[in-house]
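The values are calculated or read from the model by the stated rules, or taken from the named source; none is laboratory data. Keep in mind the model is a prediction, meaning the values are calculated, not measured. For neighbour counting, all protein chains shown are included, and Cβ atoms are generated from backbone atoms with ideal geometry for every residue, glycine included.
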Amino acid sequence: MVRFILDPAAVPEPTDAERARLAAMTDGEITAAAADDPDNPELTEAELARIAAARHVRQVRIRTGMSQARFAAAFRINLGRLRDLEQGRTRPDTALLAYLDVIDQEPEAVGRALGAAGSS
């Protein structure tokens with residue numbers, strides 16, 4: 001097995017021959033080829049749930065317009081935990097999901113509340 005690190009700035013492009021082969025395939029043929037590929041196992045329900053949770057956490061943060069570090073500091077979430085959540089290494093519990101929903105709906109109110117709590 002060959003391992004490599006994908007450089008997001010230099011994503012490999014398919015060759016013209018590969019593009020032509022894919023263009024000639026129907027959606028059904030592409031799906032069947034993907035299902036038959038031993039290097040492309042179907043995701044389990046747990047994996048799909050982990051991916052959905054990671055996406056949700058990241059989308060809430062992105063909507064605030066903040067970096068991970070700034071979001072973590074502003075809303076008092078451990079930066080390492082936030083990174084783990086966004087990368088799907090851990091899943092948020094129901095309390096954190098509720099907190100993220102409040103942040104998503106009312107980030108300024110959460111900021112004010114945390115500011116007031118820190119000044120007492």
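Annotations for the structure displayed:
- Hey, ARG63 at pLDDT 95 or above, part of a helix (DSSP H, G or I) and of a type in the set (Lys, Arg) or not: yes
Rundown of residues vs (1) touching a Lys or Arg at 6+ places or on another chain (Cβ under 6 Å); (2) among the hydrophobic types (A, V, I, L, M, F, W, C); (3) surrounded by 14 or more Cβ atoms within 10 Å (Cβ to Cβ), yes/no style:
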| residue | (1), (2), (3) |
| --- | --- |
| ARG3 | no, no, no |
| GLU18 | no, no, no |
| LEU22 | no, yes, no |
| ASP27 | no, no, no |
| ILE51 | no, yes, no |
| ILE77 | no, yes, yes |
| LEU100 | no, yes, yes |
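- Flag if ALA54 is closer than 30 Å to VAL102 by Cβ and touching a helix residue (DSSP H, G or I) at 6+ places or on another chain (Cβ under 8 Å): yes
- The residues in the stretch 29-49 that are surrounded by 11 or more Cβ atoms within 10 Å (Cβ to Cβ) and among the hydroxyl-bearing types (Ser, Thr, Tyr) can be counted, and the count is 1.
- Among the candidates ARG70, ARG91, residue that is in contact with a helix residue (DSSP H, G or I) (Cβ under 6 Å, 6 or more places away or on another chain) and either surrounded by 10 or more Cβ atoms within 10 Å (Cβ to Cβ) or hydrophobic (A, V, I, L, M, F, W, C) (or both): ARG91
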